[in-house]
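Taking it in order: structure first as structure tokens, then the write-up.
The values are calculated or read from the model by the stated rules, or taken from the named source; none is laboratory data. Quick caveat: nothing in here was measured; it's all calculated off a predicted structure. Every residue, glycine as well, gets a Cβ built from its backbone with ideal geometry; the counts of neighbours run over all protein chains shown. The area values use the complete protein model at the heavy-atom level, side chains included, leaving out ligands, DNA and RNA. Shrake-Rupley method; radii C 1.70, N 1.55, O 1.52, S 1.80 Å.
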Amino acid sequence: MAPFRILSFDIECAGRKGHFPEPSHDPVIQVANLVTLQGENQPLIRNVMTLKSCSPIVGVDVMSFDTEREVLLAWRDFINQVDPDIIIGYNICKFDMPYLIERAETLGIAEFPILGRIRNSRVRVKDTTFSSRQYGTRESKEVTIEGRVQFDLLQVMQRDYKLSSYSLNSVSAHFLSEQKEDVHHSIISDLQNGNAETRRRLAVYCLKDAYLPQRLLDKLMFIYNYVEMARVTGVPISFLLSRGQSIKVLSQLLRKAKQKNLVIPNVKQAGSEQGTYEGATVLEAKAGFYEKPIATLDFASLYPSIMMAYNLCYCTLVTPEDIRKLNLPPECVNKTPSGETFVKSNLQKGILPEILEELLAARKRAKADLKEAKDPLEKAVLDGRQLALKISANSVYGFTGATVGQLPCLEISSSVTSYGRQMIEHTKKLVEDKFTTLGGYEHNAEVIYGDTDSVMVQFGVPSVGAAMNLGREAADFISGTFIKPIKLEFEKVYYPYLLISKKRYAGLFWTNPDKFDKMDTKGIETVRRDNCLLVKNLVNECLHKILIDRDIPGAVQYVKNTISDLLMNRMDLSLLVITKGLTKTGDDYEVKAAHVELAERMRKRDPATAPNVGDRVPYVIIKAAKGAKAYEKSEDPIYVLENNIPIDPQYYLENQISKPLLRIFEPILKNASKELLHGSHTRSISISTPSNSGIMKFAKKQLSCIGCKALLRLREEEGTTQSDRKRQFWLGQNLGKEKNETKAMGFVGSEFKSPTGAYLTGMLQAHGSWGVTQVLDPFFFSSTLSVYVTQIELSARTVEEEKLNFTANPFQMVVSELEMLFGRLWTQCQECQGSLHQDVLCTSRDCPIFYRRKKAQKDMAEAKQQLERWNF
């Protein structure tokens with residue numbers, strides 16, 4: 001097959017303030033294109049088409065146009081000249097492609113939508129809805145371009161991976177460990193209306209949006225995997241993205257039926273009237289922390305092998321009436337545990353078993369070739385092929401059990417699961433009967449858990465190597481009791497193993513007795529999307545300490561320290577941000593949700609930057625009145641930072657942290673809740689004072705002494721200006737009071753030539769050298785300050801030096817440290833945007849660096865303000 005020519009593109013639109021771009025109003029201002037040959041590392045063509053002038057970009061062909069019409073027609077001509085086989089991008093099916101076509105229609109450019117390989121055939125846009133039990137319901141748009149495959153990376157990501165966020169930034173950070181500058185759509189118009197340099201800035205951003213999908217495509221081998229899947233199943237590539245699993249199985253059935261001169265009935269959609277059937281067995285989990293190796297025995301392709309072994313198919317299913325009519329002897333039929341009857345393969349070979357045999361035989365060949373392959377390209381193709389064959393084989397069983405499907409047959413699917421249940425129970429019994437001390441083994445084996453197609457066995461031996469040997473022996477012994485091709489295999493050992501409950505466990509995964517492969521987790525909050533980053537980090541670190549370091553007291557102490565930091569307001573805000581997608585407008589939600597209510601509040605504050613439908617809304621939970629609902633306590637993290645609004649640590653402790661932690665520690669500690677969530681580490685609570693909410697809206701702020709925190713009162717006299725009043729310090733309360741006579745001495749006497757010296761002289765007389773370190777408001781040191789002091793021989797220079805040594809230095813150090821921190825974060829953001837010479841525009845709410853940068857910026861401004869009080 002000749003290498004594909006792949007075009008990756010992205011568009012930018014100039015939206016109106018407060019509105020997401022609409023093709024009926026907002027122009028297309030830039031289109032970035034990258035053309036690559038499949039398998040090549042570098043693109044053949046890298047260009048950007050811009051509306052109005054744009055400064056040059058190194059290694060990029062910049063084409064500027066005066067009108068939007070020219071931009072669109074230039075892109076159409078470019079498509080026809082390059083003639084790509086595959087068009088890729090991020091969200092191109094739902095946004096970029098429909099936008100270009102609808103925009104051309106608005107501008108009356110009739111010749112624009114001729115983008116396919118059929119001459120004068122116009123591309124049309126139509127709305128589609130895709131719905132399946134596995135992927136849920138998704139609305140999209142369908143644009144058919146003849147002779148070109150559209151491959152939307154967003155759709156692929158949503159189908160193949162479970163991620164906390166599907167933004168291009170977040171996906172790139174996860175898979176490529178690189179990010180892009182995230183320019184909010186509300187400032188794109190400002191960049192466009194600037195000059196050639198700001199438009200260059202936008203073009204670089206647009207190019208990166210076209211470059212990252214190409215990198216993802218190469219890194220995750222999508223073309224190889226999807227082409228192989230299309231070849232195996234006999235469906236077009238576009239079906240793999242826009243349709244579910246059943247079309248793939250139906251296509252294979254049709255192909256096989258044609259070979260055998262059979263027809264497939266066109267069954268009417270029966271809905272879910274056929275009812276349901278009993279699913280797979282999950283043996284009761286014996287929860288606990290196992291410090292001896294646990295061997296895992298897996299059935300190889302359990303459901304496909306059951307269908308092949310017992311010849312389960314549409315064309316082999318017989319009713320009791322059929323058996324009587326055809327006079328079938330009992331040895332020619334299989335009666336399944338669920339009560340159905342199928343004829344054996346010596347009478348009639350089923351179509352489904354034949355399809356499965358071919359798929360699994362082809363997979364075996366692909367895996368054998370993969371071991372021999374040396375060329376990376378060949379390896380990628382073979383790995384894609386064996387994966388496609390595995391998925392196809394496993395989806396045949398699901399096809400027969402899909403009640404809302406093309407050809408449901410619950411007799412087959414219920415028979416498969418009943419055989420599966422029987423086999424798991426049979427395996428458990430054989431293991432526990434054979435591997436006993438009476439049978440000559442060191443310990444009695446115990447099955448601690450069994451899932452759909454695997455059982456976990458504790459043989460009682462202390463070493464991984466011994467567990468592996470016993471696991472292989474058990475697998476070979478039990479496989480001999482089953483009909484071929486059903487086979488039980490020894491696959492891996494977990495040691496140590498933390499079993500929490502059904503489908504929730506964690507352990508170190510060993511396939512080699514000398515070194516563990518990885519830490520394996522299932523059903524634990526390391527990937528849950530509705531948790532903040534703190535939960536993921538905390539759970540990961542605890543599991544690392546428990547499983548890898550074997551340090552349970554260390555894990556407990558780490559949890560206590562984290563909870564203490566949370567309650568003492570020492571937690572980085574970026575760790576507390578929860579993100580959820582805004583899929584509908586506020587009125588369409590039946591119940592009030594935290595992110596929806598926040599989006600409405602943000603819209604009232606500033607419609608231009610408020611989140612729109614389709615955006616992900618980040619929020620934190622803040623302190624509110626007692627009994628307030630969570631949706632009333634959600635707030636924008638940036639708004640929280642800017643206004644010092646206190647976080648509600650109790651919410652995070654009770655609703656985010658406690659349940660995941662208790663699930664991990666309950667099998668390990670006796671009183672996990674008491675140990676972790678109660679005690680001295682939960683008693684100290686620090687709440688920051690908000691600057692603009694509640695009673696603080698009515699409070700009048702006064703300056704206080706940085707040292708002793710005393711309020712600095714100003715004498716207000718008639719005829720004095722505000723600046724005069726600021727220059728005077730009223731000590732009426734202190735004058736005349738015996739205990740404060742010493743303090744008063746510093747401020748009584750004749751006018752001194754150096755007010756600073758006079759003031760410090762007084763402080764020295766009052767408090768000794770420590771008095772100099774008590775930092776008071778800068779207006780005490782202004783040149784016209786009138787102070788009265790007793791005449792004391794003291795060099796002003798010495799006092800100035802002491803002042804600097806004892807007081808300003810800590811503030812300068814704080815400012816310096818914060819400047820360094822902000823500088824590092826700023827540089828990191830500049831590196832991410834690809835330029836160290838321009839301001840950072842990025843507002844990616846998915847990025848923890850964004851919140852840390854904002855926090856550092858605010859802390860630095862406040863520290864500088866404090867240092868300014870020394871500016872005399």
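Here are Arg683, Arg603: which of them is closer than 16 Å to Thr562 by Cβ and free of Cβ contacts under 8 Å to residues at least 40 places away in the same chain?
On the way: Arg603 fails: closer than 16 Å to Thr562 by Cβ.
Among Arg683, Arg603, only Arg683 is closer than 16 Å to Thr562 by Cβ and free of Cβ contacts under 8 Å to residues at least 40 places away in the same chain.
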Exercise. With the checklist (1) β-branched (Val, Ile, Thr); (2) assigned to a helix (DSSP H, G or I); (3) touching a residue at least 60 places away in the same chain (Cβ under 8 Å) in hand, flag the one item Thr198 doesn't pass.
Key: (3)
Quiz item: Among the residues of the range 834-846 satisfying the criterion of being over 16 Å from Ser167 (Cβ atoms) and either assigned to a helix (DSSP H, G or I) or polar (S, T, N, Q) (or both), which is most open to solvent (accessible area, probe 1.4 Å)?
Solution: Gln838
Quiz item: Which of (1) open to solvent by 20 Å² or more (accessible area, probe 1.4 Å); (2) under 30 Å from Glu291 (Cβ atoms); (3) in contact (Cβ under 8 Å) with a residue 24 or more places away in the chain is the odd one out, the single condition Met571 does not satisfy?
Solution: (2)
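Yes/no matrix, rows are residues, columns are (1) part of a loop (DSSP other than H, G, I, E, B); (2) touching a residue at least 60 places away in the same chain (Cβ under 8 Å); (3) open to solvent by less than 20 Å² (accessible area, probe 1.4 Å):
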| position | (1), (2), (3) |
| --- | --- |
| Arg119 | yes, no, no |
| Ser140 | no, yes, no |
| Val156 | no, yes, yes |
| Lys180 | yes, yes, yes |
| Ile188 | no, yes, yes |
| Tyr211 | no, yes, no |
| Tyr226 | no, yes, no |
Exercise. Would you be able to say whether some residue in the range 847-854 is open to solvent by less than 60 Å² (accessible area, probe 1.4 Å), under 25 Å from Ser172 (Cβ atoms), among the hydroxyl-bearing types (Ser, Thr, Tyr) and in a helix (DSSP H, G or I)?
Key: yes
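Filter the range 571-591 for residues that are outside any strand (DSSP E or B) and modelled with pLDDT of 85 or more and give the result. Even if it seems obvious, please write down each step before you answer.
At the first step, the residues of the range 571-591 found to be outside any strand (DSSP E or B) are 571-577, 582-591.
The answer is Met571, Asp572, Leu573, Ser574, Leu575, Leu576, Val577.
Considering the range 4-62 alone, what residues qualify as being charged (D, E, K, R) and open to solvent by less than 20 Å² (accessible area, probe 1.4 Å)?
Step one: list which residues in the range 4-62 are charged (D, E, K, R), which gives 5, 10, 12, 16-17, 22, 26, 40, 46, 52, 61.
Correct list: Asp10, Glu12, Asp26.
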Practice problem: Mind listing whichever residues of the range 252-263 are surrounded by fewer than 18 Cβ atoms within 10 Å (Cβ to Cβ) and in a helix (DSSP H, G or I)? | Solution: Leu254, Arg255, Lys256, Ala257, Lys258, Gln259
Quiz item: Would the range 160-171 turn up any residue that is under 19 Å from the mean Cα position of the chain (by Cα), open to solvent by less than 20 Å² (accessible area, probe 1.4 Å), of a type in the set (Ser, Thr, Tyr) and within 18 Å of Gln833 (Cβ to Cβ)?
Solution: no
Practice problem: Would you check if Glu40 is farther than 29 Å from Gly194 by Cα and charged (D, E, K, R)? | Solution: yes
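Identify all residues within the range 43-69 that are among the basic types (Lys, Arg) and either within 15 Å of Ala210 (Cα to Cα) or not in a loop (DSSP other than H, G, I, E, B) (or both); write none if there are none.
Applying the first criterion (among the basic types (Lys, Arg)) to the range 43-69 yields 46, 52, 69.
Within the range 43-69, Arg46, Arg69 meet the criteria.
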Practice problem: May I ask you to list the residues in the range 305-353 that are over 23 Å from Leu262 (Cβ atoms) and touching a Ser or Thr at 6+ places or on another chain (Cβ under 6 Å)? | Solution: Lys335, Thr336, Pro337, Ser338
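When you look at Arg601, is it open to solvent by 20 Å² or more (accessible area, probe 1.4 Å) and within 26 Å of the chain's Cα centre (by Cα), yes or no? Steps first, answer last, please.
Details: open to solvent by 20 Å² or more (accessible area, probe 1.4 Å): yes; within 26 Å of the chain's Cα centre (by Cα): yes.
Spelling it out, Arg601 is indeed open to solvent by 20 Å² or more (accessible area, probe 1.4 Å) and within 26 Å of the chain's Cα centre (by Cα).
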Quiz item: Quick check, is Lys484 of a type outside the set (Phe, Trp, Tyr) and at pLDDT 90 or above?
Solution: no
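Taking Asn644 as the residue in question, decide whether it is in the same structural domain as Met602 (by the TED database), modelled with pLDDT under 85 and surrounded by 12 or more Cβ atoms within 10 Å (Cβ to Cβ). Show your work before the answer.
Numbers: in the same structural domain as Met602 (by the TED database): yes; modelled with pLDDT under 85: yes; surrounded by 12 or more Cβ atoms within 10 Å (Cβ to Cβ): yes.
Against the criterion (in the same structural domain as Met602 (by the TED database), modelled with pLDDT under 85 and surrounded by 12 or more Cβ atoms within 10 Å (Cβ to Cβ)), Asn644 qualifies.
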Practice problem: Within the range 605-628, identify whether any single residue is under 20 Å from Leu653 (Cβ atoms), basic (Lys, Arg) and modelled with pLDDT of 85 or more, and answer yes or no. | Solution: yes
Self-check item: First in the range 384-407 and among the basic types (Lys, Arg), second anywhere and in a helix (DSSP H, G or I) and open to solvent by less than 20 Å² (accessible area, probe 1.4 Å), Cβ under 7 Å, 6 or more apart
Solution: Arg385/Glu228; Arg385/Ala366
Practice problem: Considering every residue within the range 327-334, establish whether at least one is assigned to a helix (DSSP H, G or I), farther than 30 Å from Val232 by Cα, open to solvent by 50 Å² or more (accessible area, probe 1.4 Å) and out of contact with any strand residue (DSSP E or B) (no Cβ under 8 Å at 6 or more places or on another chain). | Solution: yes
